[in-house]
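The values are calculated or read from the model by the stated rules, or taken from the named source; none is laboratory data. Predicted, not measured: the structure shown is a model, and the values here were computed from it. Cβ sites come from the backbone with ideal geometry, for glycine too, and all protein chains shown count toward neighbours. When the accessible area is computed, the model is the full protein with side chains, heavy atoms only, and any ligands, DNA or RNA have been set aside. Shrake-Rupley method; radii C 1.70, N 1.55, O 1.52, S 1.80 Å.
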Amino acid sequence: MNRENSMRFGVANSRLSVSAIAPNVLGGEAGAYVETDFMGSGSNVGMLRLRHAYMSLAWKRSRLLIGQTNNLSVPEEVFPNTVAHGAGTPLNPLSRIPQIRFSQQFGEQVRLTAAVGMYAGNEGEAQAYGLVPDFALRLSVGGATMISFSGAVKSIRPRNLTADSTRTTRRMAAFNASVFGLHTFGGGHKLTAFFMWGQDLSTLNMLGGYGPRLRDVEAGESDYGYTATQTIATWLGFETKIMRGWQPGLLVGWTKNLGSGKPIDLALASIPDKGIDWYFRLSPRIWYHYKPLSFGLEYMYSLASWGRVFDDRYRPTQRYRNSQNHRMTLLARFKF
């Protein structure tokens, strides 16, 4: 059923932005930035969507940001310059959330950034009732060649009431940690790498989630808690400097579901009859830049292992035959 070829044409990822700067505000430079596109939400493609909306105050070695922008777990310094929309998702985290972020520069090579933020959607509701924002921290060392370490923790409270309308305060904490690096050589060639381990990475548009944890009835546990699935993801990227307008690049990566930390209560949550165990991508690309015009062509090869039967930790015990997919993307872009 899914072997049929298809072709799409769209302009919804076109973006509009506006920025403003005001010097000499509280001893620094104040700024504001708003960016939108037309990707909509869910199936509502074509509707205007807010991407970034924040204000900032920048001093000589520090910066305060308040508003919506990339989650601190997103590796902005090494963002894959893919032609296909999504910048490597689900191998690469992609998330924008309202947040308060503070960065401090130590010398010329070291930067420490901390942020507190809130998600949207169902998990955002669970986070709101839990009254605990997402906490993230990143340490970056270097410049043209750099390495960065990042970690985050969130706490959610998915339910206020049990099935019999009894108040419950059960919550779940989830962690993630990542490391990424950049090496610039030969006048502008870039080699990048990224690795992440995390629990419930669904809010970063990656593999992951959570479910009801199996109760310890003998210990008198009357209500169930939660357990999150764990995921690892890694990718390598390479891109040349622009040479007479041409700029080839490559992204290769892999992500895998490691299952939940504790058994899932199968009486409360049914595990679907299919789910991804691991996913691999290889995507070479080439850009051509001419003044404000850019044209990009990318081939994406995807290979995935789908589970057929899972145990109570959401680890596949039987698998379908591996499935593969081929995709070509052509992009025309004008920047002004």
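Take the residues in segment 215-269 that are in a loop (DSSP other than H, G, I, E, B) and β-branched (Val, Ile, Thr), then tell me which one is farthest from the chain's Cα centre (by Cα). Spell out how you get there, then give the answer.
Kept after step one, since they are in a loop (DSSP other than H, G, I, E, B), are these residues of segment 215-269: 215-216, 220-225, 240-242, 244-245, 261-263, 265-269.
Filter once more, so that each one left must be β-branched (Val, Ile, Thr): 240, 242.
Details: THR240: 24, ILE242: 27 Å.
Filtering segment 215-269 for residues that are in a loop (DSSP other than H, G, I, E, B) and β-branched (Val, Ile, Thr), the one farthest from the chain's Cα centre (by Cα) comes out as ILE242.
Look at VAL11 and say whether it is under 29 Å from THR184 (Cα atoms), in contact (Cβ under 8 Å) with a residue 12 or more places away in the chain and either exposed (fewer than 12 other Cβ atoms within 10 Å of the Cβ) or in contact with a Lys or Arg (Cβ under 7 Å, 6 or more places away or on another chain) (or both). Before the answer, list the steps.
Working: under 29 Å from THR184 (Cα atoms): no; in contact (Cβ under 8 Å) with a residue 12 or more places away in the chain: yes; either exposed (fewer than 12 other Cβ atoms within 10 Å of the Cβ) or in contact with a Lys or Arg (Cβ under 7 Å, 6 or more places away or on another chain) (or both): yes.
For VAL11, the condition - under 29 Å from THR184 (Cα atoms), in contact (Cβ under 8 Å) with a residue 12 or more places away in the chain and either exposed (fewer than 12 other Cβ atoms within 10 Å of the Cβ) or in contact with a Lys or Arg (Cβ under 7 Å, 6 or more places away or on another chain) (or both) - is not met.
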Residues that are open to solvent by less than 100 Å² (accessible area, probe 1.4 Å), under 19 Å from THR36 (Cα atoms) and either among the β-branched types (Val, Ile, Thr) or assigned to a strand (DSSP E or B) (or both), drawn from segment 14-25: LEU16, SER17, VAL18, SER19, ALA20
Tabulated pairs, segment 133-155, first over 20 Å from TRP197 (Cβ atoms), second open to solvent by 30 Å² or more (accessible area, probe 1.4 Å) and of a type in the set (Ser, Thr, Tyr), C-beta under 8 angstrom, 6+ apart or interchain: ALA144/THR184; THR145/THR184
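Any idea which residue in segment 148-171 is most open to solvent (accessible area, probe 1.4 Å), counting only those that are within 22 Å of GLY209 (Cα to Cα) and in a strand (DSSP E or B)? Lay out the reasoning, then the answer.
Looking only at segment 148-171, we keep the residues that are within 22 Å of GLY209 (Cα to Cα), and these are 150-163, 168-171.
Going one step further and asking which of them are in a strand (DSSP E or B), we end up with 150-156, 161.
Working: SER150: 12, GLY151: 25, ALA152: 11, VAL153: 48, LYS154: 13, SER155: 19, ILE156: 1, LEU161: 97 Å².
Among those residues, the one meeting the criterion is LEU161.
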Segment 274-293 residues that are closer than 25 Å to ALA304 by Cα, paired with ones that are among the acidic types (Asp, Glu) (beta carbon under 9 Å, 6 or more apart): SER283/GLU298; PRO284/GLU298; ARG285/GLU239; ARG285/GLU298; ILE286/GLU298
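Could you say whether any residue in segment 219-226 is touching a His at 6+ places or on another chain (Cβ under 7 Å) and open to solvent by less than 50 Å² (accessible area, probe 1.4 Å)? Lay out the reasoning, then the answer.
As a first pass, look at segment 219-226 and keep what is touching a His at 6+ places or on another chain (Cβ under 7 Å): none.
Within segment 219-226 (the criterion being touching a His at 6+ places or on another chain (Cβ under 7 Å) and open to solvent by less than 50 Å² (accessible area, probe 1.4 Å)), the answer is no, since none of the residues qualifies.
With ARG285, ARG244 as the choices, which residue is basic (Lys, Arg), closer than 25 Å to THR192 by Cα and surrounded by fewer than 17 Cβ atoms within 10 Å (Cβ to Cβ)?
Details: ARG285 fails: surrounded by fewer than 17 Cβ atoms within 10 Å (Cβ to Cβ).
One residue alone meets the criteria, ARG244.
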Count - residues of segment 269-282 that are out of contact with any strand residue (DSSP E or B) (no Cβ under 7 Å at 6 or more places or on another chain) and surrounded by 14 or more Cβ atoms within 10 Å (Cβ to Cβ): 0
Filtered residues of segment 96-115 (kept if under 27 Å from MET206 (Cα atoms) and open to solvent by 50 Å² or more (accessible area, probe 1.4 Å)): ARG96, PRO98, ILE100, PHE102, ARG111, LEU112
In segment 1-35, the residues that are β-branched (Val, Ile, Thr) and either over 22 Å from ILE97 (Cα atoms) or at pLDDT below 95 (or both): VAL11, ILE21, VAL25
Residues (of a type outside the set (A, V, I, L, M, F, W, C), in contact with a strand residue (DSSP E or B) (Cβ under 7 Å, 6 or more places away or on another chain), open to solvent by 20 Å² or more (accessible area, probe 1.4 Å) and in contact (Cβ under 8 Å) with a residue 60 or more places away in the chain) located in segment 193-214: GLN199
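Might you let me know whether segment 308-324 holds any residue that is under 20 Å from the mean Cα position of the chain (by Cα) and either of a type in the set (Val, Ile, Thr) or open to solvent by 20 Å² or more (accessible area, probe 1.4 Å) (or both)? Outline the logic, then answer.
So the first thing to find is which residues in segment 308-324 are under 20 Å from the mean Cα position of the chain (by Cα), and the list is none.
No, every residue in segment 308-324 fails to be under 20 Å from the mean Cα position of the chain (by Cα) and either of a type in the set (Val, Ile, Thr) or open to solvent by 20 Å² or more (accessible area, probe 1.4 Å) (or both).
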